Amino acid sequence: MLLPKFDYHAPATAAEACDILAERGDKARVIAGGTDLMVNMKKGVVCPAEVVSIADIAELKEMAGENGHVRIGACVTVADLAESDLVAGKLSALRAGSRALGTPLVRNRATIGGNVGSARPAADLPPSLMVYGAEVRVTNKSGERTVAIGEFFKGPGMTIMAADDLITGFKIPVPPPAAGAGYINIGVRKAQDCNLVNVCSYIELAGDDTIKTARVVLGCVGPTHLRASSAEKVLVGEKPDDALFARAGEAAMGDCTPILDFRGSAEYRRAMVGVLTRRTLAKALKEARDRA
C-alpha cells in the first residue's frame, strides 16, 4: 500500500514542534519511529494532512539518572532502553519489557514516547512504567505539565493528550533498596505479534520481610493497562511465599476483563493472568531480596 500525500515538518526543537502543532491542530500527527503511524497511514486508518517528525530533536533523545529519578526523553528508542546499563541497573522490569518488544528492527525504530502515546492495551512498556510510578511529561505551546502514567490512558488508543500536546519525556522514581519488579509477556509468536497477556509486578519489602508495597499491572485484558487492586490487597502486609503469590494470582484473575479474539479466548487470557502474576511476583521478590 502507498502512503497518502501529506506535508512534512522536521522541527529542530521541541518548542518548534509545539508551535507547529498549535497552528495545525487536528490536521497534524507526530511521528518519531513511525512503527505505528506509518502502518496506520498505509491502511487508511489515519490520513493526516501534515506529519511532524520529532525524530531528530536532540533534547528528546536524552537519558540520565538524577536526584533519585531516571529521566528518559520521548525519542529514546526501545533498543537503547534494552541496552542501557542505567535502565538495567535501576529499572530492570522496563528493560525486560523493552527486550520483549517486537524484533530488533522494530526496537531500533520504536520509541518510548510512541509506545506509550499509541495507548495500545497490549503495549510492552506501560506495565513497568506504571509499577515504577512514572510520570509523563507533556508539553505544548503554553507550557509543560506532568501526568501520572496511570492517569494518562483513557481507553484503547485514547489518552489525555490534546491535539497540540507533545510527549517530551518520562520521570521515573528509582526503587528503594529491598524493592524489585518483574515483567513477562506471552503471545502466539515470540515476536511480530500482539501480546495475548502481559503482566508486571512490583514488591517492596519491610524490615521484617513482609510486603510493604505491592503493585500489579495487567495488559491485554481490559480497555487500558490496569492495576490489579485485589491482588495488591492480598499481598500487602503478608510474608511472601508461593502460596501467597498463588492467592494474588487468583485475585488478579478477578480484576481483569479479557475479550475473545482470533489470538485467544477470554478464559485462556484470564488463566494466564493468574500464571503471569505468580511468576512476575517471584521475579520481583528475588530482585527485592538481592537488593536488600
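Does anything in segment 7-30 have its amide N under 18 Å from the 7 Å Cα→Cβ label point of ALA163, and if so which residues? Within reach of a label on ALA163: 7-9, 17-30. The angle between the Cα long axis of helix 266-291 and the main principal axis of the chain comes to about 80°, on a 0 to 90 degree scale. Calculated translational diffusion coefficient of segment 7-53 (20 °C, 1.002 mPa s; Stokes-Einstein with Kirkwood radius over alpha-carbon pairs) equals 197 µm²/s. Once both labels are positioned 7 Å from their Cα atoms along Cα-to-Cβ, the gap between GLU50 and ASP209 label points is 6.2 nm. Extension gain for the segment LYS141 to LYS154, taken as residue separation times 0.36 nm less the Cα-Cα distance, is 2.4 nm to one decimal. Of the chymotrypsin sites (Phe, Trp or Tyr not before Pro) found in segment 191-292, those that fall in a DSSP loop while having at most 12 other beta-carbon atoms within 10 Å are PHE262. Exposure proxy ranking for SER230, SER84, based on other Cβ atoms within 10 angstrom of each Cβ and starting from the fewest, stands as SER230, SER84. Contact order, relative form, for the chain: 16 percent (alpha carbon pairs under 8 Å, 6 or more residues apart, mean separation divided by residue count). Which of ASP242, ASP56, ASP261 moves the most in a Gaussian network model of the chain with Cα springs under 10 Å? Judging by the Gaussian network model, the answer is ASP261. For volume of the Cα convex hull per residue in Å³, the listed values are [x] 122; [y] 135; [z] 196; which was obtained by calculation from the structure presented? Of the labelled values, this structure produces [x]. Across segment 133-143, rounded Karplus estimates of 3J(HN,Hα) from the backbone phi angles (6.51 cos²θ - 1.76 cosθ + 1.60, θ = phi - 60°) give x, 5, 10, 9, 8, 10, 10, 9, 4, 7, x Hz, Gly and Pro being marked x. As a test, work out the antiparallel percent of DSSP beta bridges whose residues both lie in the chain, rounded to the nearest 5. If I count the DSSP bridges inside the chain, around 85 percent turn out antiparallel. Residue exposure proxy: ILE186, ILE112, ILE203, ILE149, ordered by other Cβ atoms within 10 angstrom of their Cβ from fewest to most, comes out as ILE186, ILE149, ILE112, ILE203.
Ordering THR77, THR257 from the fewest to the most neighbouring beta carbons within 10 Å gives THR257, THR77.
Values quoted throughout were computed directly from the atomic coordinates according to the rules given, and no laboratory measurement underlies them. Small disclaimer: the values here were computed from a predicted structure and weren't measured. Heads up, the Cβs are rebuilt from the backbone with ideal geometry, glycines too, and the neighbour counts pull from every protein chain shown.
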